[in-house]
1. In whole percent, how big is the carbon plus sulfur part of the accessible area of the chain, probe 1.4 Å, protein atoms only?
2. Quick one: which residues, 5+ away or cross-chain, put their amide H under 5 Å from the amide H of GLY49? H built at 1.01 Å from N.
3. Residue by residue through the range 139-153, which ³J(HN,Hα) values in whole Hz follow from phi under the Karplus form 6.51 cos²θ - 1.76 cosθ + 1.60 (θ = phi - 60°), with glycine and proline marked x?
4. Once each part is reduced to its C-alpha centroid, what is the distance from the range 163-184 to the range 14-50 in angstrom?
5. Against the 2.2 N^0.38 Å scaling, with N counting residues, where does the chain land? I'd like the Cα-based Rg ratio to two decimal places.
6. Once the Cα atoms of helix 333-351 and of the chain are each reduced to a long axis, what angle between those two axes, in degrees from 0 to 90 to the nearest 10, is obtained?
7. Using amide H atoms built in the peptide plane, which far-off residues or other-chain residues are under 5 Å from LEU106 H to H?
8. Probe of 1.4 angstrom, ligands and nucleic acids ignored: what's the accessible area per residue over the chain, in square angstrom?
Amino acid sequence: MEFAERAMPVLGLLRERFARDRPLAGLRIAACAHVTPETAALARTLTAGGAVLHVAASNPLSTQDDVAAALVTGDGVAVQARHGVDRAGYAGHLRAVLEARPALLLDDGCDLVQVLHTDRTDLLGGVVAGAEQTSTGVLRLRQMHADGALRLPVVAVNDTPMQLLVANRHGTGQSVLDAVMRATGALLAGTVVVVAGYGWCGSGIAARARGLGAQVVVTEVEPRRALEAVLDGHRVLPMAEAAALGDVFLTTTGNRDVLTSEHFSCMKDGAVLANAGHFDVEVDVVGLADEAVAVHRRVRPQVDAYELADGRRLLLLAEGRLANLAAGEGHPPSVMDISFAVQALTVEWMAGAGLSPGVHAVPPAIDDDVARTKLASLGVRLDRLSPAQARYLSSWRA
Ligand code: ADE
């Protein structure tokens, strides 16, 4: 945790201010988060500000048990998480953090919001606001709001320009490929990497895969993104055609059934399948198990080999779950410094903002402040507009 904090200077500065001003004194916060050293840095910042914090894991395979234990024993944070816990245990952990009757939520994938709107509607009245960290979670919240079902104000932390650029593009771009390399030990140069989905995450993965010497094939359903991929120099194909070409498949769509039996049937022997989306629905793992005549579990850590009737073996990483966190360590601390600084400042703001139910944007000033502080910590200096330039930009009239 200390090692991670060395690369998290923005959160460190915030922690010093929070410890002085105690802006969160006595506030009960329930968080659903990957239990990593970076999340520990966020937890320590919030508790320095006076928050009473309860944390549940956001994925059973991303939990680092030593971090969970250190937070409990060293920092007074109530953590409900254990690596590899089954689905029932995982759901029990989410329910347990809500027992704390939180005033604020930090969600990662809309899990806490979902439990509150289904099993624990009695607690909704006590929740002032929530913040959502992932693209998938924001998609779900917007859907709930459109259906008239969302009964809380939730702030879309995922959607800030800094989060999209730094966490989604650079964080996912690096950490997913890092996970593939750790898990398989494969050389990516000269391979064909198929990236499903060319959003912020997919485009980041594609750029880094090319940098490692892979040929990138992108699959898309959205024409502007497909065009962006073409103009970025990638080949764009339907997955039905890409399936036979790929050595590594990475799904980043946020949708289900991206890789199915239709694709497994024509993939190369030894093809690697990994998911970078939040939920484990992008690779049809049940369909893959049905097709397989044998499953060789853990041929390496976090790699299962599915043997098909014709002898081909497809290598599934991390059971189709979020590969960068399950087979790697997630985004680097320097990336999470930005995400969690935005998150901590959003918590401070939303506690007193009097928001109404719905999906809200993070105030741009928060994102700006974090970007400036990060640049300063990196020793990067900017130009300033001269008064004449500022007038030129703001004084034009038709
Ligand atoms: N999400 C992505 N990477 C993460 C990390 N290192 N810690 C917590 N949440 C994350």
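The values are calculated or read from the model by the stated rules, or taken from the named source; none is laboratory data. Fair warning: this is a prediction, and the values are worked out from it, not measured in the lab. Cβ atoms come from the backbone with ideal geometry, glycine included; neighbour counts cover every protein chain shown. What goes into the accessible areas is simple: the full protein's heavy atoms, side chains included, and nothing from ligands, DNA or RNA. Shrake-Rupley method; radii C 1.70, N 1.55, O 1.52, S 1.80 Å.
1. Numbers: 9370 of 17590 Å².
Looking at the chain in its full context, I get 53 percent from C and S.
2. Counting only residues 5 or more places away or on other chains, the set is empty.
3. Here the 3J(HN,Hα) series is 4, 5, 5, 5, 5, 4, 5, 4, 7, x, 9, 7, 10, 10, x Hz.
4. Between the Cα centres of the range 163-184 and the range 14-50 lies a distance of 25 Å.
5. Numbers: Rg = 21.8 Å, N = 398, 2.2 N^0.38 = 21.4 Å.
Compared with the compact-globule rule of thumb, the chain sits at 1.02.
6. 40
7. Amide H neighbours of LEU106, under 5 Å, 5+ apart: ALA30, ALA31, CYS32, ALA131.
8. Computed with neighbouring chains in place, this is 44 Å² per residue.
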